[in-house]
Structures are given as structure tokens and as C-alpha cells.
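Report on one structure; see the data block that follows.
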Amino acid sequence: MYLDNAVNRIRTLALLAALLLAPPLLHAQKTGSAPAASAVMLDGLISGQNPWETTASQFESTFKAGLPQWLSDRKDQARFFGNYALWDGEIPVTESVVEFQGGKLFRVNFSLYNRGDTRTEISTKAEFDKHLEAIKQSITSHVGTQPIDLGKQSASAVKAVGFAWTKAPSVYLLEYSVLKEAKATGVLFQPEFVRLRVYELPKKVGFGAPSPVAGAVTQRVSKKSLTENVAREANGDVFLKNVPMVDQGPKGYFAVATAERVFRYYGMPVDQHEMAQVAKTGEGGGTNPDAMLKALTDLQARLRVRVRAISKWEYPEFSRMIADYNREAKRNKKTEINLAGMRVIDIGEIYGSMDPVSLKNSKTVRSKAGFDKFQRSVAERIEKGIPLMWGVQLGLYPEADIPQAGGGHMRLIIGCNLKTGELLYSDSWGAEHAMKRMPMDNAYSMTTGLYYMEPFE
């Protein structure tokens, strides 16, 4: 019996990983890497005498034809995604995120290659080196200066390798990361990402001046200042302001995009492509929560954040939840889940066969202690200015206008209303998903994990 239970647990964990590593049902495809004749050129973003004086309204007017998507109502970030390029098509661009601070252009981020979006097949180191060298030569030609080899960047979650070109008024920072081949363990060479960040050259130069590369890094936020982001409304809403939006795009990077938003909220320049590498996100998207938690935990010391799991998926707890559900389902004359009789446990199929009303009653009425802990944990972190990474199972309760119909997903909890019993949350799908709400009991019933990060100091 014990052996059978152990085998079942292993199969369960394997299927859970497969479920969450599988790409979710999203409506889009990868972009091509080679620019077609219709590619929109984006070098106008960084050209001219002083592009860093460009205002958000000027940007909007100039690049309207390029169909940028504002990522927030504050108009502090805009995103291009699709068929774009730099310098007459010399460098294809998969995605570009344009940032504004104080109403003026602050930084432009170009994704030149990433495993989640780019269709180009680069399978060998020789191919990648050739691709990278062509990018470097193009930048050198158009900037007119030679690059400085920066080596590995300590501020990056994966210690990406960097090169920098400086020519007033701008700095061009090219960074890349690859998974190196290890024949002994069967690991194949794999490019992860190539990105170009362009920002204003610091005006102070000489002894004691900041490194030009420092402009790529925003100011870290102190732990004690986080409460300044807590906002309160007369209706009882308590929520976090200034949480950056990231649009994960068509790929299923929901977990790593959520992590990027938290890091950026804390002033750390870590993006979803770095997190996809350290969390071993599948090419089509989807991240095993255990791998994600381990990746974040491994980064604690270097990025100076604490990572905590308030709740996570574990077989014993899942088994108890099923037992509670079955008792409620029996009362309601609904089909019970025969977990013990399953040789292979399919998590998605189990959730899909549940009666949502019985599940909610079993988790929020019959087992009220867990529900109370969930509400308390959310309220306490929000009061401290800390967002929570929220693992959920979609498809159990109605939700309007979301691009993912069902399956595992991760969101960001950014507030709550204990008067009305509502959770305030955000999905990483663009500005229209910046803040939404749902009944707290629905939220807890669909929860599969709850995590948070906070700065050391």
C-alpha cells in the first residue's frame, strides 16, 4: 500500500509539472525573426539630437502607425510586438518596451531574440556567435564607436554577458545569455535571449561619476518605503500603486512575467526572459511552480530579496482537499473524486470535473480556517506594500475577457477589500488587466499556490 501511494505521488507530481509546463490556451503565435518588407522601423525612437526629451504625447503622435500598446493608464510604458526592426531591417526586433519617467523618454528596450517569441532556429554556438557578431557590427556601424566588453552583469538574474557603446546623448547596452552545452550530462547549447537597452548617457562624467552602464538600472526600492505605495479608497479598497505592467504576449510566461513585475516594482531590472532561463520555462511557456520557487530562492542572496511560500501544491494537502470536497459533493449529490482509485492523477482533469459550488463550500465554509488564513495573509502583505504571486486554476468560476480559457495560471494580488469580501488582482496581459476584482471565496477556491518576495532592507 505504501509503495502504491508513493508511486501515485510521483505520478501526480509528474503530471502536475506536465500540466503547468504545457503551453496554455492562448490566441497568438510566435513572431518571425527575419524582418519582412513591411517591418516597421523603430530606430526613430533613439535617433536625433536628443531623443530623451521626447514626451509621451510626442511619442504617441510620431509612432501611431506602429501601433504601440500602452501598458498602463499612466502612459509610462508602451509596447511594440510583432514585425519590427532597426536600421533598414539590419536588426530584427521581436518586441520593444518604451519607458517614460517624469513625462519624458527614459529607456528603450529591444528584444532581438528570445526563446519564447522568436521563431529563428539557432541550434549551435557557431550559428549564435555569427548572429551576435552581425548585431554588434550593425550597432558599431550606426553608433560610430567601438563597444566595451563588460563581461557578466551582476545585476542580471542570469549574469548576462554585456557590451556597451557610448556616444552622446545615448548608451547602447547589448546583453545576451545562453545555456552552454554539457555533453557529459546531455545538455545541448541553447540561446536564451539577446536584448538591446538604450538610455541617456549620464551628464556627469569624470572621476566620481556613475558608470554609464548604471543608467540601465533603476533605483532599488527600500523595504520601509513600500508602504508609500498603499492606497485606500472610501469604499474599502486597499491596493498597491505603481505596480509595473508586463504583457507576456502569446507565450505562456505567466509565472515569469509575474516575477518580472515584482522585481521591477522593487526597482530591479530583471525581465521575464531571464526568469524563464533560471526557472527552466518550456519553450511554449508554462513554468513548474516548484522550479519557479527554487529559482527565486536561489537568487535571494544575489538579488537581496526574501522569498516565501504561504501555500504551495503538495500531495498530502491536495489529498485532504479532495476528501473535504468529496464530503461536500456527497451532500450536494454531485460526483465524487476517487483519488485512491486513480493509477495516474491528472490535476487538470480533476479540477475540470469538480462541482464549483461544492468546491467553494468545502474550502470556505466547511474548512474556514484555511480561508481565514488566506484573507489574513493577503491583507497583511498588502498593508506592508508587498504584492503576492498567486497560482490559480482557471475555468472554475466565470471571468470575462481573459485570453486563457482554463488551466494553470499565475497572477499578481495587488489589493483587497475586506468590507465587500473582494480580492484585487492583476494579470500580465496589458493595461486592461491592470486591476480586476473577484469575490474572495471564489479566489481562495481556485488557489493552487501563494508566494511573495520582499527586499532584505
Checklist entry - In nm, to one decimal, how far is the modelled label at SER47 from the one at LYS384, with both set 7 Å along Cα→Cβ? => result 5.0
Checklist entry - Among LEU339, LEU45, which comes first, second and so on when ranked by fewest other beta-carbon atoms within 10 Å? => result LEU339, LEU45
Checklist entry - Pulled fully out, how much extra length does the chain show between THR55 and ASN338, if you take 0.36 nm times their separation in residues and subtract their Cα-Cα distance? => result 95.8 nm
Checklist entry - Separation between the ALA65 and SER141 pseudo-spin-labels, each 7 Å from Cα along Cα→Cβ, expressed in nm? => result 2.4
Checklist outcome for this item: For region 78-89, in residue order, the Karplus 3J(HN,Hα) values (coefficients 6.51, -1.76, 1.60; θ = phi - 60°; whole Hz; Gly and Pro = x) are 9, 10, 9, 9, x, 9, 10, 6, 10, 6, 6, x
Next on the checklist: Could you tell me how far the Cα centroid of region 343-399 sits from the Cα centroid of region 70-87, in Å?
Outcome noted: 34
Checklist outcome for this item: The set of residues whose placed amide H lies less than 5 Å from the amide H of ILE310, leaving out same-chain residues fewer than 5 positions away, is LEU450, TYR451, TYR452
Next on the checklist: Within 10 Å of each candidate Cβ there may be at most 14 other Cβ atoms; applying that plus a DSSP loop requirement, which GluC sites (Glu not before Pro) in region 295-343 survive?
Outcome noted: GLU314
Checklist entry - In whole percent, what relative contact order does region 87-168 give with Cα contacts below 8 Å and a gap of six or more residues? => result 19
Item to check | Sparse-neighbourhood loop sites, chymotrypsin sites (Phe, Trp or Tyr not before Pro) in region 386-457 - DSSP loop, at most 12 other Cβ within 10 angstrom | outcome: PHE456
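A short reminder: the numbers here are calculations on the coordinates, not readings from a lab. Computed from a predicted model, the values in this text were never measured in an experiment. Neighbour counts are summed over all protein chains in view; Cβ atoms, including those assigned to glycine, are modelled from backbone coordinates with ideal geometry.
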